[in-house]
Amino acid sequence: MVERPPLQGRRVTEVLATSTGGVGTHVRAVLPALQEAGAQARVAGPAATEVLFGFTATGAGFDPVDIPAGLARPADARAVRALRRATAGADLVHAHGLRAGLVAAAARRLGRDRTRPLVLTLHNALPEGGGARRRVLQLAERATIRGADVVLAASADLAENAWRQGARDVRVAPVSAPPLPPPGRPATEVRAELGLTDGRPLVVAVGRLHPQKGYDVLLDAAARWAGDPRPPLVAIAGDGPLHDELAGRIAAERLPVTLLGRRSEVADLLAAADLCVLPSRWEARSLTAQEALRSGTPLVATRTGGLPELLGDGAELVPVGDAAALADAVAGLLADRDRARRLAEAGTRQADTWPDEAATARRLVAVYRELLGPPEAGAP
């Protein structure tokens with residue numbers, strides 16, 4: 001007797017808020033595996049996410065639901081109504097991120113099927129800060145976490161926080177970065193495009209221009225070597241709300257930094273770089289960090305969140321917010337190419353220990369099967 005696919009005939013909806021990076025990439029990556037497991041998969045989220053990530057290209061359905069990023073306000077009534085309609089026929093809903101989870105929990109609470117399983121993946125921690133706004137965010141976080149049947153945490157620190165908030169069931173579920181394609185252009189061509197024809201070092205950063213990413217600290221570090229005869233060029237690939245602020249500072253201080261905007265050829269940039277930097281204030285399982293180590297590019301990152309667990313001895317770690325330590329680490333590796341090579345080799349070995357996309361998807365299928373039970377008899 002042929003064994004039936006574990007999710008045969010099950011209707012599953014993945015929910016996300018506004019995303020331009022890791023969350024959308026992760027959702028896009030797991031869709032093929034869910035469908036191979038027999039699920040009828042749909043995605044609900046802002047229309048811009050479908051344009052950017054192409055969920056329907058996998059064969060999944062898509063329902064536009066305007067869920068903005070951030071938890072600054074309660075679940076929007078329009079978003080809740082739209083998500084109730086989008087998930088009316090779903091057997092299971094999986095929300096990615098706190099904002100999507102808040103809307104999904106409200107939609108289930110107000111809907112007809114309050115027993116339908118709700119899975120929540122925590123990709124990020126709350127932003128730093130204090131005062132009344134922080135208390136509101138913490139209340140929203142607690143309500144969202146308690147509203148889920150299973151919480152999947154991208155890193156151990158997120159899992160510990162979920163338990164503290166009263167979650168019913170928490171599991172660490174690492175998010176794997178999709179493999180990058182091979183570089184499409186020679187490193188010399190990429191470097192020449194950036195004006196590096198004289199052997200100057202290239203330091204690359206990849207990520208959204210957002211306070212979490214610590215680019216203000218990176219600019220502080222770049223200012224420390226700006227007066228060198230041949231300072232390394234810092235090329236930042238990404239877009240976001242801090243673009244104008246960062247660009248203004250780079251121009252005013254004449255920093256050796258260039259903003260590339262959102263770029264798709266990350267593999268080309270990493271292959272051309274002497275070094276990759278990740279100055280974030282917090283990360284769980286940074287996709288950029290994974291891409292750098294897999295590419296064999298030496299990485300300097302901050303010691304925060306899930307990064308020490310993820311990177312092991314495969315990257316040089318510096319304290320969060322310490323521009324001097326970041327500058328010294330970058331300068332030290334650029335000056336000692338043998339040490340940089342050994343670090344890159346250690347990074348490659350560390351990357352070999354990570355679960356791949358297939359393992360991540362299998363774990364997700366197993367969680368869904370656990371919550372839904374075996375396929376019903378007669379399911380298509």
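Between 0 and 90 degrees, rounded to the nearest ten: what's the tilt of helix 215-225 against the longest Cα principal axis of the chain? Helix 215-225 sits at roughly 10 degrees to that axis.
Here are several values of volume of the Cα convex hull per residue in Å³: (1) 143; (2) 132; (3) 156. Which one was derived from the coordinates shown? From the options (1) 143; (2) 132; (3) 156, the structure gives (1). Computed over neighbours whose Cβ is under 10 Å from that of Leu7, the net charge equals +2, Lys and Arg +1, Asp and Glu -1.
The chain: longest stretch without exposed trypsin sites (Lys or Arg not before Pro) (DSSP loop, at most 13 other Cβ within 10 Å), sites themselves excluded? Don't jump to the answer; show the numbers that get you there.
Values: sites that count: Arg112, Arg114, Arg168, Arg254.
That gives 255-380 as the longest site-free run.
For region 265-326 versus region 186-259, the inter-centroid distance based on Cα atoms is 15 Å. Here the spin labels are modelled as points 7 Å beyond Cα on the Cα-Cβ line, and at Ala358 and Arg185 they lie 3.3 nm apart.
Quick check: net charge around Val320, other residues with Cβ under 11 Å of its Cβ, Lys/Arg +1 and Asp/Glu -1?
Local charge sum for Val320: -1.
Computed from Cα positions, the angle between helix 337-351 and the longest principal axis of the chain comes to roughly 10 degrees. Exposure proxy for Tyr368, Tyr215: other Cβ atoms within 10 Å of each Cβ, ordered fewest to most, give Tyr368, Tyr215.
Amide H contacts of Val15: Ala44, His94, Ala95, His96, each under 5 Å away and 5 or more positions distant or on a separate chain (H built 1.01 Å from N in the peptide plane; Pro and chain starts excluded). Dividing the mean sequence gap of close Cα pairs (under 8 Å, 6+ apart) by how many residues region 187-351 holds gives a relative contact order of 23 percent. Between beta-carbons, use under 11 Å as the cut-off and find the net charge around Ala272, counting Lys and Arg +1, Asp and Glu -1. Once all neighbours under 11 Å are counted, the net charge is -3. Against the main long axis of the alpha-carbon atoms of the chain, helix 131-146 sits at an angle near 50°.
Taking GluC sites (Glu not before Pro) across region 1-81, the ones in a DSSP loop with at most 16 further Cβ atoms lying within 10 angstrom of their Cβ are Glu3.
Each value in this text was obtained by applying a stated rule to the coordinates, not by laboratory testing. Quick caveat: nothing in here was measured; it's all calculated off a predicted structure. Reconstructed Cβ throughout: ideal geometry from the backbone, glycine too, with neighbour counts over all protein chains shown.
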